[in-house]
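**Student:** Okay, handing you the structure first.
The values are calculated or read from the model by the stated rules, or taken from the named source; none is laboratory data. Just so it is clear, the model here is predicted, and its values are computed rather than measured. Every residue, glycine as well, gets a Cβ built from its backbone with ideal geometry; the counts of neighbours run over all protein chains shown. Accessible surface is based on the protein model in full, side chains and every heavy atom, while ligands, DNA and RNA are left aside. Shrake-Rupley method; radii C 1.70, N 1.55, O 1.52, S 1.80 Å.
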Amino acid sequence: MYISPIERMKKIHIWIGSYFDGIEKYEEYFKQDNSPSQFCKDIGIEEYDDDFIGIIPLFYNEVNILTLLLKVPVEESEKSKILKRCNNLGLEKGNAIFYLTDSSICIKDTENDYNGLLYIGIYNSSL
């Protein structure tokens, strides 16, 4: 079933955590040169559209979750839900966050470790 790009971008999947193995290794996780990328394998898809993913540069040090969320196009009203989910996961700080704005994708393994980051959930996007 076709879902328009605008409809797909109304929802945003978010991953947060800490990653200290270097930027090159972090970015390798997403590279689609050797399709599918490890990220695609982990979420069970063949490829992702580069226009729908936000791979935010790593922060040098861990910062609080709200600081990470400043880099993500999520509705302001969703931030309290995200903070609650992070709290339930024991996640208070991190240096890495990435997102996928694609409502057509269903993340089945919500407990998996995605390159050291945790899947936080799907929320309303501010796009």
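**Student:** By the gyration tensor of its Cα atoms, with a ≥ b ≥ c the square roots of the eigenvalues, what is the shape of the stretch 1-63: rounded for a/c under 1.5, prolate for a/b over b/c, or oblate? Can you show the working numbers first?
**Tutor:** Values: a/c = 2.58, a/b = 1.49, b/c = 1.73.
Oblate shape, in that a/c is at least 1.5 and b/c is the bigger or equal ratio.
**Student:** Test of understanding: what is the full-extension gain from residue 79 to residue 56, defined as 0.36 nm times their sequence separation minus their Cα-Cα distance? Write out the running numbers ahead of the final one.
**Tutor:** On the way: separation 23, 0.36 × 23 = 8.28 nm, distance 1.77 nm.
Value of the extension gain: 6.5 nm.
**Student:** Applying 1/(1 + (r/R0)^6) with R0 = 22 Å to the Cβ-Cβ distance of residue 112 and residue 23, what FRET efficiency is obtained, to the nearest 0.05?
**Tutor:** For R0 = 22 Å, the calculated efficiency reads 0.50.
**Student:** Same structure again: For residue 126, enumerate residues with amide H under 5 Å from its amide H, sequence gap 5+ or separate chain, H modeled in the peptide plane.
**Tutor:** 74, 75
**Student:** How high is the relative contact order of the chain, in percent, with contacts defined as C-alpha pairs under 8 Å that are six or more residues apart?
**Tutor:** RCO, the chain: 47 percent.
**Student:** Rounded to the nearest whole Å², what accessible area per residue is found for the chain with the 1.4 Å probe?
**Tutor:** For the chain, the solvent-accessible area averages 57 Å² per residue.
**Student:** Would you mind telling me the share, in percent, of accessible area of the chain contributed by carbon and sulfur at probe 1.4 angstrom?
**Tutor:** C and S fraction of accessible area: 48 percent.
**Student:** Can I ask one more? How much net charge surrounds residue 67 when only other residues with a Cβ under 12 Å from its Cβ are counted (Lys, Arg +1; Asp, Glu -1)?
**Tutor:** +1
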